[in-house]
Structure formats: structure tokens, C-alpha cells
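First up is the structure itself, then whatever we jot down about it.
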Amino acid sequence: MKMFYRFNFIAKSSILTLICLFSLHCKPDYEEIEVVYLDQNGQKINAIYHNPFDETGTFSVTLKSPNGNSITLIQGMAASGVRYTDNKTLVWWTKGNEAFIMQPDRKGDWEITNRFIEIQHAENHR
């Protein structure tokens, strides 16, 4: 009976050791950078940029408003700066330490609806 418990303990310990060793070699799929922006009315918005470590990932941003709402947008084409969009209702465009939101007007033309300036920047590797 003691032999069974000893074998069981060694087997479980070996599996746990392998899991721990494997997890040390795993790296996250994305680097996450959180930036806090402030608009002209003093409202903050948090932008968490998801930057993939390899070519298979997609660049994206998650915008979090003070009321708890969030939306994730994927990177799109831009002539200048970096543009993220859902291709329907919202564009988040950054250039330097500034950003703006664009939304379609009643005719379907994109217009700037809010402007922001960066106030805090923190890198978080996940």
C-alpha cells in the first residue's frame, strides 16, 4: 500500500513539475500597453493597446469609458498615425500623444466627435 502512495505522489509531483517548467517558457501572445486619455470636457478614457509578438496576431485596442463600457477595435489602414475601427460605427485614431473618435453622421460621412490628449502611459506585459 505504501508503494502505491509513493508512486502516486511521485507521478503527481512529476506532472506538477513539468507544468511549472513549461509555464516558464510560455510567453504571452500580446504586449499590452495602457494609455489614459483626457478629452476637452475632462472625461478620461483608457485605451489598452494589444500588440502581438508575432505576425499571426492582430493589432487592436480596447477602449474603456469611465462608466464601465468597453469596445475592442482592430487596426485599419491609415495614411498617418494609427487607426482602429469596427468598420461600422466607430474609429479611434491616434497620432503622437493625441487621439480622436470618429463616428458616421446622418449622411454616413465620418466626422470627429471627440478629441483626446494622452495623460498617462503604462506598459503591462501579459
Check: If residue 114 passes every condition in (1) under 16 Å from the mean Cα position of the chain (by Cα); (2) in contact (Cβ under 8 Å) with a residue 40 or more places away in the chain but one, which one does it miss?
Finding: (1)
Notebook entry, point to check: Scanning region 80-114 for residues that are under 25 Å from residue 58 (Cα atoms) and among the polar types (S, T, N, Q), which turns out surrounded by the fewest Cβ atoms within 10 Å (Cβ to Cβ)?
Noted result: 80
Checklist line | Those residues of region 65-75 which are closer than 19 Å to residue 115 by Cα and touching a Ser or Thr at 6+ places or on another chain (Cβ under 6 Å), in sequence order | finding: 70, 72, 73
Item checked: Residue count for region 58-71, restricted to those that are of a type in the set (Gly, Ala, Ser), at pLDDT below 95 and either surrounded by 12 or more Cβ atoms within 10 Å (Cβ to Cβ) or under 19 Å from residue 29 (Cα atoms) (or both) -> 1
Check: Just one of 74, 117, 45 is buried (at least 17 other Cβ atoms within 10 Å of the Cβ), assigned to a strand (DSSP E or B) and of a type in the set (A, V, I, L, M, F, W, C); which is it?
Finding: 45
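The values are calculated or read from the model by the stated rules, or taken from the named source; none is laboratory data. Owing to the predicted nature of the structure, the values given are computational and were not obtained by experimental measurement. Positions of Cβ are backbone-derived with ideal geometry, glycine not excepted, and every protein chain shown enters the neighbour counts.
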